[in-house]
Amino acid sequence: MPSTVHITVWNEFLQEKTDEPVRKLYPDGMHVTIANHLNAQDGITAGTATLADPEHGLTDEVLVKTDVLIWWGHRAHHEVNDEIVERVASGVRGGMGLIVLHSAHFSKPFVHLMGTSCRMDHWDENGKWEKLWLNNPTHPIVEGIKNGTVIPETEMYSEPFDVPQPDELILTSSFESGEVFRSGCVWNRGKGKVFYFRPGHETYPIFYDPNVMRVITNACRWLASGDDQHRTPNIEL
Ligand code: ZN
């Protein structure tokens, strides 16, 4: 792992300006909330980029020094320039990590790197609980996360999720309404890795949840390390 892990947090940054419940939760934008958390961790430095920035904030200069790119989008996937999508995808193939959050399952970089529709069967913004179950409890991404960890209020996503078979299935979610979803998946693409992490609906305080942020922080370190050797289990089951 590099001595300092360089993260770029990308957000379309639209609903925080137009939707009052989202603005209340994330007055400076989800990207800033996530970056602030990461910058408080040892050995991580995080910057931000948004849709409105020139080249969406993802210039060659930014990407070349980004170990892991985090992506949140929802309403404006279609507004992302295809040239930037190709730049991100080739960055991943060259070894950059990509963490895709929640509704970014439909983001252009993710769909491009998966090669499938990335659709799910159905969803419901019902504000009910989600439980995170550990498919691989020794994986570094879930270090410190207990099996059955509850996120109290969330949007439900249901299988089937039209993605290629993950190279590593790390988390499965169950929901109060009964559905299940593969909520933590890793795919290898060239020298890089893509991690899809499902939680993150904009009207709930998901990016203040310590367990959610722990998974994202762990994933930043692991995707930057280029080391897929699993560590000794150190969590309580
Ligand atoms: Zn959502």
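The values are calculated or read from the model by the stated rules, or taken from the named source; none is laboratory data. Being a predicted model, the structure only gives us computed values, none of them experimental. Counting neighbours? That spans all protein chains shown, and the Cβs are built from the backbone with ideal geometry, glycine included. Side chains are part of the model used for accessible areas, which takes the heavy atoms of the whole protein and leaves out ligands, DNA and RNA. Shrake-Rupley method; radii C 1.70, N 1.55, O 1.52, S 1.80 Å.
I70: in a helix (DSSP H, G or I) and closer than 21 Å to D53 by Cα, yes or no? So I70 fails the test. When M1 is tested against (1) under 18 Å from C220 (Cβ atoms); (2) in contact with an Asp or Glu (Cβ under 9 Å, 6 or more places away or on another chain); (3) modelled with pLDDT of 95 or more, exactly one condition is not met: (3).
Within the stretch 77-98, residues that are on the phi > 0 side of the Ramachandran plot have Cβ atoms under 9 Å from residues that are open to solvent by 60 Å² or more (accessible area, probe 1.4 Å) in these pairs: G95/G190; G95/K191; G95/G226, counting only partners at least 6 apart in sequence or on another chain. Restricted to the stretch 154-169, and to residues there that are more than 12 Å from the ligand (Cβ to nearest atom) and not in a loop (DSSP other than H, G, I, E, B), the residue that is surrounded by the fewest Cβ atoms within 10 Å (Cβ to Cβ) is L169.
The residue that is surrounded by the fewest Cβ atoms within 10 Å (Cβ to Cβ), counting only those in the stretch 170-198 that are over 17 Å from the mean Cα position of the chain (by Cα) and not hydroxyl-bearing (S, T, Y), is G178. Applying the selection to the stretch 141-153, what residues are assigned to a strand (DSSP E or B) and open to solvent by 10 Å² or more (accessible area, probe 1.4 Å)? Within the stretch 141-153, T149, V150, P152, E153 qualify. Residues that are closer than 26 Å to H31 by Cβ and among the hydroxyl-bearing types (S, T, Y) within the stretch 90-141 comprise S90, S103, S107, listed in sequence order.
Looking only at residues in the stretch 54-67 that are open to solvent by less than 70 Å² (accessible area, probe 1.4 Å) and either outside any helix (DSSP H, G or I) or in contact with a Cys (Cβ under 9 Å, 6 or more places away or on another chain) (or both), the one that is nearest to G29 (Cα to Cα) is L58.
Rundown of residues vs (1) in a strand (DSSP E or B); (2) out of contact with any helix residue (DSSP H, G or I) (no Cβ under 8 Å at 6 or more places or on another chain); (3) surrounded by 21 or more Cβ atoms within 10 Å (Cβ to Cβ), yes/no style:
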residue	(1), (2), (3)
R75	no, no, no
V85	no, no, no
A89	no, no, yes
G95	no, yes, no
L98	yes, no, yes
S103	no, yes, no
L113	no, no, yes
T116	no, yes, no
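Contact map, the stretch 199-216: residues that are in contact (Cβ under 8 Å) with a residue 40 or more places away in the chain and among the polar types (S, T, N, Q) paired with residues that are away from the ligand (no atom under 16 Å from the Cβ) and open to solvent by less than 10 Å² (accessible area, probe 1.4 Å), Cβ distance under 7 Å, separation 6+ or inter-chain. Pairs shown: N211/I145.
Take the conditions (1) surrounded by fewer than 16 Cβ atoms within 10 Å (Cβ to Cβ); (2) at pLDDT 95 or above; (3) part of a strand (DSSP E or B); N126 misses just one of them, which is (2).
If the condition is being in contact (Cβ under 8 Å) with a residue 24 or more places away in the chain and farther than 14 Å from W72 by Cβ, then the stretch 33-52 contributes Q41, G43, I44, T45, G47, A52. Listed by position, the helices (runs of 4 or more DSSP H) inside the stretch 13-53 whose residues that are at pLDDT 95 or above, of a type in the set (S, T, Y) and open to solvent by 70 Å² or more (accessible area, probe 1.4 Å) number at least 1 are 15-18.
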